[in-house]
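The block underneath contains the structure these notes are about, expressed in structure tokens.
Just so it is clear, none of the values below were taken in a lab; they were calculated from the coordinates. Because the structure is a prediction, the values reported are computed rather than measured. Glycine gets a Cβ as well: all are built from the backbone with ideal geometry, and neighbour counts include every protein chain shown.
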Amino acid sequence: MSRKKRIVFVDDDAFLREIFEKRLKDAGFDVLMLPHYDGNFIDKIAEFAPDLISLDIIMPTMNGDQIAPLLK
């Protein structure tokens, strides 16, 4: 049996994280919700081994455009 697809969702808006987490889990995905970039960000994502990463473009510490190159 194959594992569930995994999605990382990064957004500083707690309400959006809550809504998307419920919807994605109800749809059968494993989900890792992250509120923003932090020192362990890359390690958390690497350990989770996602199939897809959704990054908010506008966040207070680092935005999605700045984070994306770090993930490559």
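Below are the figures for this structure:
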| quantity | calculated |
| --- | --- |
| Test: Ala68 is touching a Leu at 6+ places or on another chain (Cβ under 7 Å), under 29 Å from Ser2 (Cα atoms) and either acidic (Asp, Glu) or not in a loop (DSSP other than H, G, I, E, B) (or both) | yes |
| Count of residues meeting criterion [in a helix (DSSP H, G or I) and crowded, with 16+ Cβ neighbours inside 10 Å] in the range 1-47 | 6 |
| Tabulated pairs, the range 2-15, first touching a residue at least 40 places away in the same chain (Cβ under 8 Å), second among the charged types (D, E, K, R) and part of a strand (DSSP E or B), C-beta under 6 angstrom, 6+ apart or interchain | Arg6/Asp30 |
